[in-house]
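Only the coordinates and a few stated rules stand behind these numbers; no lab work does. What you see is a predicted model; the values in this text were computed from it and never measured. Note that we place each Cβ from the backbone using ideal geometry, even for glycine, and neighbour counts take in every protein chain shown.
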Amino acid sequence: MEDTQEIKEQAHEEVISDKTSETKPETRDEILSRHRKEISQLQKKEVEMKKAAARGSKAEQKAKKKQVEEEVSQLSTKLKENHAMELAALGYSSGNGNENSNLDTLVKAIAGVSVASQPEHTKVSKAKQRRDKRAQQEAEREQRIQAEQTDIVSDRMIENEKLERKLKPLGLTVCEIKPDGHCLYRAVEDQLAVLSGGTSLYTYQELREMVAAYMRKHTSDFLPFFLSENLIEDDSNESLAEKFENYCKEVESTAIWGGQLELGALTHCLKKHIMIFSGSFPDVEMGKEYKSDGGTGLSNSSIMLSYHKHAFGLGEHYNSVVPT
């Protein structure tokens, strides 16, 4: 845990630090601005700590993850206490005063949360909760991608070099696909255009809808994988059928990331052999029954993708693989 300990110390020094070097008193707006920055720094450190902990065996990763969670919780608690003390010095309290003097309202403002009056006891549907959660995750993902595009990540470079050494002898190269939640479907769309010599018969959105429809029609084939990949939330009162249907709805109508489950549906929807190259894992073949060369190698109708674990430090990204 040397890396995690080092990050912890950096987080402690950078985020939870006394402002002894400041001689001029801060205004309220300056304090709120600093608080927002400190919260952002802590969030960034949390990401770095979790990334550093994602090494070693599963048992080691589990132990490191628990330690990181405890450390982050301690850092977060200390930061909140410091913020509360500084705000209290300005005359804000955590009591039930009016909106302008209520500490809870001010803390929400610091975090960038709307403080407009909201009706109490308003029940939000589970579907809306899922949509809001998914939208927040996608926004955070896009934000992290933008931040990391300027960084040089050694894991990414190593992965790309291994993949290039694998593809070059085959006369293949990677065609970059937009790094969003649609990357799997966009990559397949690009492949279909390459195979047709023009444009794809299906857009990435149409491919999403095809996958969702196929999964619904063949539920029994996908439920075991759906369960094993922990795609459901244990605290939900919905039945398994409802959870699977909600997942299918997300597949067809949101930017939820596609993986092994969706690849399995795609190969049958399109009746295509799919080859997935990787610089981090062994290559994977799906839909071997659809190979037009009798199973002896890549066929002229094979869909070729590349899987990137360290694409932007976020994991799981797909690109299209095309002839050089």
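Observations, loosely collected:
- Taking each residue as 0.36 nm, the span from Ser33 to Lys133 lengthens on full extension beyond its C-alpha to C-alpha distance by 33.4 nm.
- Legend: ranking of residues Ser200, Ser57 from fewest to most surrounding C-beta atoms inside 10 Å; resulting order Ser57, Ser200.
- Under a 5 Å amide H cut-off, with hydrogens placed 1.01 Å from N, Leu201 pairs with nothing among residues at least 5 apart or on other chains.
- Which listed pairs, of Lys44/Lys168; Lys80/Lys128; Lys50/Lys243; Lys217/Lys291; Lys217/Lys271; Lys128/Lys309, have C-alpha distances above 26 Å, in listed order: Lys44/Lys168; Lys80/Lys128; Lys50/Lys243; Lys128/Lys309
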